[in-house]
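Read-outs: derived from the displayed coordinates by stated rules, not from any lab. Just so it is clear, the structure is predicted and the values come from calculations on it, not from any experiment. For neighbour counting, all protein chains shown are included, and Cβ atoms are generated from backbone atoms with ideal geometry for every residue, glycine included.
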Amino acid sequence: MPGQSVGVVQSQRAHFDQALTLRSGGVLPAYDLVYETYGTLNAAKSNAILVCHALSGHHHVAGHYADAPNNIGWWDNIIGPGRPLDTDRFFIVGLNNLGGCHGSTGPSSLNPATGKPWGADFPIVAVSDWVEAQARLADRLGIDCWAAVVGGSLGGMQAMRWTISQPERIRHAIIIASAPKLSAQNIAFNDVARQAILTDPDFHGGNYYEHNTRPMRGLRLARMLGHITYLSDDQMGEKFGRELRNGSFGFDFDVEFEVESYLRYQGDKFAGYFDANTYLLMTKALDYFDPARLDGGDLVKAMGRSHPDTGFLIASFTTDWRFTPARSREIVGALLANQRHVSYAEIDLNFGHDSFLMEDAHYHGVVDAYLRNIKL
Amino acid sequence: MTTHTLGRPDFDVIAGWIEPGHRVLDLGCGDGTLLRHLIDTRGVQGVGVDMDDANVLAAIKNGINVIQGNLERGLGEFADQAFDHVVLSRTLQTVRHTEGVLREMLRIGREAVISFPNFAYWKNLRSVLDGRMPVSEDLPYQWYDSPNVRFFTLLDFEALCTQMGLIIRERHVLDEQGNLVESDDDKELNFLGSLAVFRLTQQR
């Protein structure tokens, strides 16, 4: 792997007293955002990159904690000295979005009005709300304009939203494995995941914290389903095939095939640390994302709200069937129609939607090349 | 031997036809050398298209706006008449759907600029008469590793343009050294030219 990890990092917390009115009409009277930064903000404050996380991500994007060397950031392979998001050049900011479950204000936080966890009362948050909260964090950090906003999947949607909502505050958007809005199939997958959680007897209408329980079964199923859609058929075939754990059929419903074992393990692991209400919120934010909606569904018009000087790098993966390359090309087409500066790479990687998290010389080479041309 | 910009004589011809500030789409842009040159010397707004990973990476390194895609599968991302010029340099002979690509170029652009190796160049003909497929400056491949799938001559191309109702606005024919070949006789041009460069528009 070229370059190095950023090494030991620390998370920070910013408290905001100014109320945030959300797209859903809900109001957060005050809130916290946890974030991490890597590298140094230059004197001109022109070298800041915001990394936006996807459905299950958070602020711990790179490096590790001094007391937890194995807790490595979720996108460590792309960030660090000499890596594409080069901390020798850039000041990188990662945060946990509102509604999250890793320290920023979310459904498991205490509602100051009741002294109890928000639970079901936590308002629905939209991608545009996250962008607003991120803009306030940028203000706090003294960043007027991001050199780039970068994200994969739901993170890419935030980068896209930045170019529309805050066109003066973003010089480049790197939108990876994303889409201008979900397809019916995408929404359908999300709804099955939500139904798994909502129908879990331990869900208690979202107020499971008070019952000292968590809808682990539902969350586990939701994650198992999600996980299938993040991988490619080929990759699953290569990785698991029809391998049996014990070599022969057991003629029962225990774990038999390796793929079952893997999915159950992933489901259990996820259900052990993730909050079900956050999962519900994140999938709703995905479903609602449709920046062209306010322009009558006209994506060209919506992307025309971006600044003419903003540069775009759009990347997709050939085996991603959740957010296919065709979805990225829709964004590319809308940008071209607006004569925006856009480059598009369709990367041949075998890891389905999850490819965006993988380390690959060509993929990282493209991101690296794009970022190296950014003038600071 | 004259020296040519970037070692590509057809680039000089193409650059000469493009006015400052024009919007240029380069299909099969490679590492973006032509667009870089046009941006730096003519101040054009350029976009490239290439299907090859290494070329896309190289073009991005070159600071070019490049869209990864395959000409054969259409260029649906590009709106009608979005560009002043759509360039296809030394690529038409690698494309199967020749007519489709030509129509697509003139849908997207006001003008198509096309360069291609002329199979009827006398050295190529001599090579075939000698029993071997030609290998030259402008056809630099062995038959077994060539990306070229269509072999045609300057006159063949003009006949296709006529058949498709396309208007040839300008034509430059170059020899293997990249020098302009001039003649009033089309058959002589076809015989002496190694590389042809055309400017096409659609009938209005």
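What the pair-distance distribution of segment A:166-209 shows, using all Cα-Cα distances binned every 5 Å from zero, is 5, 16, 13, 13, 12, 11, 13, 10, 5, 1 percent. The trypsin sites (Lys or Arg not before Pro) of segment B:94-126 meeting both criteria, a DSSP state outside H, G, I, E and B (loop) and at most 13 other C-beta atoms within 10 angstrom of the site's C-beta, are B:96.
The rule of thumb for compact globular proteins, 2.2 N^0.38 Å, goes into the C-alpha radius of gyration of chain A 0.97 times.
Dividing the convex hull volume of the alpha carbon atoms of segment A:160-277 by its residue count gives 171 Å³ per residue. Each Lys or Arg adds one and each Asp or Glu subtracts one; over the other residues with Cβ under 12 Å from the Cβ of residue A:306, this totals +4. Here the relative contact order of chain A, from alpha carbon pairs under 8 Å that lie six or more residues apart, stands at 17 percent.
Distance distribution P(r), segment A:312-373, all Cα-Cα pairs, bin width 5 angstrom from 0: 4, 19, 27, 23, 18, 8, 1 percent. The separation of segment A:120-157 from segment B:63-82, counted between C-alpha centres, amounts to 31 Å.
Contact order, relative form, for segment A:178-285: 29 percent (alpha carbon pairs under 8 Å, 6 or more residues apart, mean separation divided by residue count).
About the centre of its Cα atoms, chain A shows a dipole size close to 920 debye [charges on the beta carbon of Lys, Arg (+1) and Asp, Glu (-1) only; nearest 20 debye].
Charges were assigned to the Cβ only: +1 to each Lys and Arg, -1 to each Asp and Glu. The resulting dipole of chain B about its Cα centre is roughly 340 debye.
Once you keep just the Cα pairs under 8 angstrom separated by 6 or more residues, what percentage relative contact order results for chain B? Mind dumping the intermediate values first?
Working: 390 pairs, mean separation 39.7, N = 204.
In percent, rounded to a whole number, it is 19.
Loop-resident GluC sites (Glu not before Pro) (DSSP state other than H, G, I, E or B) in segment B:54-159 with no more than 16 further Cβ atoms inside 10 Å of their Cβ: B:137.
Expressed in units of 2.2 N^0.38 Å, where N is the residue count, the Cα radius of gyration of segment B:86-204 is 1.04. Taken over chain B, the ratio of Cα radius of gyration to 2.2 N^0.38 Å equals 0.98. For segment A:27-179, what percent of Cα pairs sit more than 26 Å apart? Counting pairs separated by more than 26 Å, the tail of P(r) holds 24 percent. Put the Cα centre of segment B:112-187 next to the Cα centre of segment A:198-269 and the gap is 61 Å.
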